[in-house]
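Inspection log for the structure reproduced underneath, given as structure tokens.
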Amino acid sequence: MTDHRPTEFQRARSAEQREVRKRAILDAATQLLAEMPVSDISLRELSRRVGLSKTNVVRYFETREAVFFELLNRNLAQWIEELPAELAPAVASGASGGPVPSQALMDALARSLARRTLLCELFSSLGPELERNISAESVRDFKLAHIRLLGDLADLLRHHLPELTPAAAVELVSLTVVCTAGLWPFAHPSPAVAEAQRNPGLAHTRVDFAERLGRTLHVAVTGLLTLG
């Protein structure tokens, strides 16, 4: 059984102590996201879980949305760092000297993303949930860091698909985020919807996230290469 008792903290005075405190808040947010959707997590619940008052939490993150922004970027950075190893089998399929098959690469990308539930949940919450109760300054800081990370992902994909122009690689990454945000909720419906989809007449409405995302991204790559 998971122990959710609050952690006792002394006041953070050094930069290192502040980072430890921020990490504890992000860890608490990660725990809560394993139990409930973003929309159900209040700053009060997050404060209780980490063992701090709301006043102390906002010393590090101005709102709960800022917590999830930071969590998204940290998880995105970790994914990009680990992605080359997860794409390796697809890359190896073109190791004979020919180009890497885009279908194999996009399928591997989709499977890798599907394994990162937290990242997908946060992507799907960006527009409708997270970009609201937050200051322009915090949004700016998040988006500047986010764009740099997405640029790293575009560079990685273009390394394996050099026929993509730099602009096309950036567009492919943007489509990856948008398609993830759109497909993830449909691939993880409410219990009532999942029950209804057991009806044979609704079987075709079930969404296999990795399969659908891989197919969609392959179509996107094909179109981007055609458009030039």
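How much of the pair distance distribution for the chain lies past 31 Å, counting alpha-carbon pairs only, in percent? Spell out each step's value before the answer.
On the way: 8316 of 25878 pairs.
Summing the P(r) tail past 31 Å for the chain gives 32 percent.
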Kindly report, to the nearest 10 Å², the accessible surface of C120 as traced by a 1.4 Å probe over protein heavy atoms only.
0 Å²
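Compute the signed sum of charges (Lys and Arg +1, Asp and Glu -1) over the other residues within less than 10 Å, Cβ to Cβ, of F68. Please report the intermediate quantities before stating the final value.
Values: positive: R64; negative: E65, E70, E121, E129.
Combined, the nearby Lys, Arg, Asp and Glu give -3.
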So for each of 137-145, 21-29 I average, over its residues, the number of other beta carbons within 10 Å; can you give me the resulting order with the highest mean first?
21-29, 137-145
The simple spin-label model distance between E19 and T222, using points 7 Å out along Cα→Cβ, in nm, is 4.7 nm
The simple spin-label model distance between A167 and R215, using points 7 Å out along Cα→Cβ, in nm, is 3.1 nm
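Send over the semi-axes of the stretch 36-116's equivalent ellipsoid, whole angstrom and largest first, taken as the square roots of 5 times the C-alpha gyration tensor eigenvalues.
Numbers: eigenvalues 328, 27, 14 Å².
Values for the stretch 36-116, descending: 40, 12, 8 Å.
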Identify, among N75, L126, P37, the residue whose Cα sits farthest towards the positive end of the charge dipole of the chain, taking +1 on the Cβ of Lys and Arg and -1 on the Cβ of Asp and Glu, with the dipole about the Cα centre.
P37
Helix-only mean residue ellipticity at 222 nm for the chain, each DSSP H run of n ≥ 4 adding -39500 (n - 2.57), per residue, nearest 500
-22000 deg cm²/dmol
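I need the calculated FRET efficiency for the pair S53 and Q31, taking r as the beta carbon distance and R₀ as 22 Å, to the nearest 0.05. Each step should come with its number before you reach the end.
On the way: r = 19 Å, r/R0 = 0.84.
It comes out at approximately 0.75.
Can you tell me the dipole magnitude for the chain around its Cα centre, using point charges on the Cβ only (Lys, Arg +1; Asp, Glu -1), in Debye to the nearest 20? Could the numbers behind the result be given before it?
Details: 26 positive and 27 negative charges, 125 e Å.
Its charge dipole is roughly 600 debye.
Just the number, please: carbon plus sulfur as a percent of the accessible area of the chain, 1.4 Å probe, no ligands or DNA/RNA counted.
Values: 6830 of 12450 Å².
Taking all protein chains in place, the chain shows 55 percent carbon and sulfur surface.
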Average Cα contact separation per residue, the chain, under 8 Å, 6 or more apart, as relative contact order %
21 percent
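Under a 1.4 Å probe, what is the accessible area of the chain per residue, stated in Å²? Don't jump to the answer; show the numbers that get you there.
On the way: 12450 Å² over 228 residues.
Accessible area per residue, the chain: 55 Å².
The values are calculated or read from the model by the stated rules, or taken from the named source; none is laboratory data. If you're wondering where the values come from, they're calculated on a predicted model, not measured in any experiment. Here Cβ is always computed from backbone atoms with ideal geometry, including for glycine, and neighbour counts include all displayed protein chains. Ligands, DNA and RNA are stripped out before the accessible areas are found, and what is left, the full protein with its side chains, is counted by its heavy atoms. Shrake-Rupley method; radii C 1.70, N 1.55, O 1.52, S 1.80 Å.
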